[in-house]
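Note sheet for the following structure.
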Ligand SMILES: [Zn+2]
């Protein structure tokens, strides 16, 4: 077992190394600068002595503004502007200098202007409006801010509060403000590639093309000395792929693209070897996902040419059989909610991509069809050659900060720290392999997270979160597993974690009962119970005021489609001052991780999988 563990660890190290090679150096320095600023901020908040000095506040604010200056378009630049606003507001509470409040409003306004797509904008606009109203008595500008929030960020979590206040202040403004919501981003061409994401996992490399609107995606494969996958998007616009992306992770050398015809864009993935691959699409928003499996080649990173090769050469090089790779576990399209189950599966089939291959490739693709096509109850089993495989999912990330604490702590940063701590704890205790759905501050849509776990054939899926409430009072820990039964009590938590409105959660229909048949309700409920019990027990030994909110059930999107026991842990309330402070503390993170690992251990003991 020792060698098995070593091999698993070695593999993980390799994966981590490969993943870090993919991170551009400047992004690393933006992230490092942000972490430095964040650390300084929480040190300031922990020191009443430091808080008395103006220069201490300005020093920390400057650190955040340096992040913004490094790369004003980086996601962290939005986070940094928000923090600069929060710090200016905090400074006023000590200084009573009105200019500090003016600065706070200016930073929140700058955030709204430079990063209209950031989920922090509505938080900032609401604070700015409240400052204008309460501290400056400037109703006119306050109304402007409330109105801007209500008219643009109607899906945001500050919408209800802003709308209620606007109704009191200027009901006539509300009538003008509500319909129609202006578009947040300027319209782009249908089928334009607006983002390319990629990550190297132990068994496969995933490349995701984020598209504007909808397009048909037709993949093809070219064998030979330079094996490559190509995907024709119609209508298609090469968009951000004008410049080739070097991956060099040992499976994919580079991703490049070209305008194949006027309205057809061709994306090419140059591979290290002719390995099996899968192409499928997800809706809402539309994405093309390419998974390349097979071992990592040991040739190491390859320097790829940035200029796209002549793409027409590929044309006609792929006569062969046609197979439709269906993705049964495609994301539920919005239009399918409320429709009959059969139309939902049709919708999933319609989103499948057509793969053209020769016979050998056809056999490989059929062999590598996703497991989720044949749902079956799956219990943890000690696979030959590896231990239990656990996928940890740090909630939120990138443009989605999750809930934000009163001191500005962001849920996405807490969940990532918790996941890293939990990964270390699990690997220390059991012969297991732990894989994170994200190991940096990146955005991953909810439906892709369980698909990662399914593709990895994981044995357990644990999504990590911090709870929040509109009131600062609630605190405690709770663990959820998937259920679609309607329960008004949990709807608010579900709405926040799903990133939808309360109304949309209410719209969940009978159709979802289909998904329930595949979710491991009994196993998930037992895993949730073990984690919850261990979490309360472990934390109570070190901390006072640990409240057991119990095991609960809810229709959490991130748990849909999971083919293994899966739970969502809300470790503590980030909206509660005491618990926010704990969540930011590395010792609390480690103790929470130890406790959750103990719970996972108790769960695995039933299968004799927890011993070395
Ligand atoms: Zn969350």
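Coordinate-derived values only; no laboratory data. Computed from a predicted structure; not experimentally measured. Positions of Cβ are backbone-derived with ideal geometry, glycine not excepted, and every protein chain shown enters the neighbour counts.
Kirkwood radius for the range 409-449, taken over all pairs of different Cα atoms as the inverse mean of 1/r, rounds to 11.4 Å. Ordering 405-416, 204-215, 565-576, 35-46 by mean Cβ neighbour count within 10 Å, with the highest value first, yields 565-576, 405-416, 204-215, 35-46.
Go through 102-111, 242-251, 394-403 and give me the packing order, highest mean Cβ count within 10 Å leading.
Working: 102-111: 21.3, 242-251: 19.7, 394-403: 23.1.
Highest to lowest by the protection proxy: 394-403, 102-111, 242-251.
The distance between label points at residue 161 and residue 35 comes to 3.0 nm (points 7 Å beyond Cα on the Cα→Cβ vector). Is the range 388-605 rounded, prolate or oblate when judged by the Cα gyration tensor, a ≥ b ≥ c being the square roots of its eigenvalues, rounded requiring a/c under 1.5 and prolate requiring a/b larger than b/c? Here the range 388-605 falls in the rounded category. For the pair residue 190 and residue 407, the difference between a 0.36 nm per residue extended length and the Cα-Cα distance amounts to 74.0 nm. According to the square roots a ≥ b ≥ c of the eigenvalues of the Cα gyration tensor, what is the shape class of the range 34-107, taking rounded for a/c under 1.5, prolate for a/b larger than b/c otherwise, and oblate for the remainder? Oblate shape, in that a/c is at least 1.5 and b/c is the bigger or equal ratio. When you work out D = kT/(6 pi eta Rh) for the range 200-267 at 25 °C and 0.890 mPa s, using the Kirkwood radius from C-alpha pairs as Rh and the Stokes-Einstein form, the result is 190 µm²/s. For the range 115-135, list residues with backbone N below 16 Å from a point placed 7 Å from the Cα of residue 96 toward its Cβ? Under 16 Å, as judged by backbone N against the label point of residue 96, lie 135 of the range 115-135.
Once you have a ≥ b ≥ c as the square roots of the Cα gyration tensor eigenvalues for the range 18-177, tell me rounded if a/c is under 1.5, and otherwise prolate or oblate according to whether a/b is larger than b/c. Let's see the in-between values first.
Values: a/c = 2.78, a/b = 1.37, b/c = 2.03.
Judged from the Cα gyration tensor, the range 18-177 comes out oblate (a/c at least 1.5, b/c at or above a/b).
Give me the extension gain from residue 53 to residue 607: residue separation times 0.36 nm, minus the current Cα-Cα distance, reported in nm with one decimal. Walk me through the intermediate numbers first.
Numbers: separation 554, 0.36 × 554 = 199.44 nm, distance 5.75 nm.
Residue separation times 0.36 nm, minus the Cα-Cα distance, leaves 193.7 nm.
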